1. Looking at SER310 and the list (1) in a helix (DSSP H, G or I); (2) modelled with pLDDT of 85 or more; (3) buried (at least 20 other Cβ atoms within 10 Å of the Cβ), which single condition is not satisfied?
2. Anything in the range 233-254 that is buried (at least 22 other Cβ atoms within 10 Å of the Cβ) and more than 20 Å from VAL298 (Cα to Cα)? List them, or say none.
3. Select from the range 217-263 the residues that are of a type in the set (Ser, Thr, Tyr) and within 15 Å of THR305 (Cβ to Cβ) and list them in ascending order.
4. Report the residue count in the range 73-93 for those that are farther than 17 Å from ALA278 by Cβ and out of contact with any Gly (no Cβ under 9 Å at 6 or more places or on another chain).
5. Go through the range 216-266 and count every residue that is over 13 Å from the mean Cα position of the chain (by Cα), assigned to a helix (DSSP H, G or I) and not small (Gly, Ala, Ser).
6. Is one or more of the residues making up the range 12-29 modelled with pLDDT under 85, surrounded by 13 or more Cβ atoms within 10 Å (Cβ to Cβ) and of a type in the set (S, T, N, Q)?
Amino acid sequence: MSAAEITPVGTQGAAPEHLGGRGSWFKKLPVVHQVRQSVGLQRGMLIAGIVLVAVFVLVAVFAPLIAPYGWSQLRSLDGAFGAQQAPSAEHWFGTTVGGYDVLSRVVWGARTALLVVIVAVVSSIVVGVLLGLVSGYFGGWLDRLLVVVADAIYAFPSLLLAILLAIVISGGQSNMWGGIFAAALSITVVFIPQYFRVVRSEVVRIKGEAFVDSARVLGTGHWRIMTRHVLRNSTRTLPLIVTLNASEAILTLAGLGFLGFGIEPTAAAEWGYDLQRAIADVTSGIWWTSMFPGLAIVFTAMGVTLMGESLNDLADPRLRMRARSSKVSGDVAATSVEKGDVA
């Protein structure tokens, strides 16, 4: 047997390490990397959250193709839908007390929720990060003032504050975008203190590092230090907060709609409003008008929460190393006993 024919066991077909292997770029994608990093129950929770969030986003994006009717449509070519019709081949989820198709309202409600979440989260990130960066970097009286205001807003009941701001911001708006922006901006004010506190604490810690002092010695301006050195190292935990805030935004929007401070039904479909209108139907044995909007709220919020909590656990080095060590110890225990060994 020649030396070329001798191949170490377990290395046949293995790709060189410097080449990264086939599909290495795919394994480094953000979501794929987290899934591969998780183990056991944590991986199951993360995958379940990703699936639920993906379904929510796809339904929201392709709502015009999925929904059989418009969100405010009351009749078709065959005539009016009729109120409180049971699920059938024509209306899979039945109709509401107002004569709307429940399936169409649920599908279009996903788009409304997605738009509100995007506007609320993006607005709160921009304002909260900017205020936290300026406050933590410069300090002084401005820092003390912003901290007091942020703590006061954070201590105020979030839903009550959202209701108050929704009334002030909406100003009698009944169109789709007016209602969406009113609901989103009312949620934004609730989220700003969270981003402000997280970014400010990181900026206070990072501005005392040696590389920031070196930049000052070299004559680098404040704006360049803030954007190139401090900001890039103080926003690593923001993706985790975004996922948790997205779930809270969905629940807050549903709460506003349930209490009657959300979006008008003729302007856009909204799950909270439909759930509130279906309360009287439950006592009459009409279950479909409340069950489907309620399930949409529960599954969407649960999916975003599962994904956010799993990512938060993976970001903790202690939990990540503990899960990895338990997996390695299990593999070692499974291969430590050879065939023929007798206990």
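The values are calculated or read from the model by the stated rules, or taken from the named source; none is laboratory data. Small disclaimer: the values here were computed from a predicted structure and weren't measured. Glycine also receives a Cβ, built like all others from the backbone with ideal geometry; neighbour counts cover every protein chain displayed.
1. SER310 satisfies all of (1) in a helix (DSSP H, G or I); (2) modelled with pLDDT of 85 or more; (3) buried (at least 20 other Cβ atoms within 10 Å of the Cβ) except (2).
2. If the condition is that a residue be buried (at least 22 other Cβ atoms within 10 Å of the Cβ) and more than 20 Å from VAL298 (Cα to Cα), then SER234 is the only one that fits.
3. Matches in the range 217-263: THR243, SER247, THR252.
4. Total meeting the criteria: 7.
5. Here the count works out to 18.
6. Taking every residue of the range 12-29 in turn, none turns out to be modelled with pLDDT under 85, surrounded by 13 or more Cβ atoms within 10 Å (Cβ to Cβ) and of a type in the set (S, T, N, Q).
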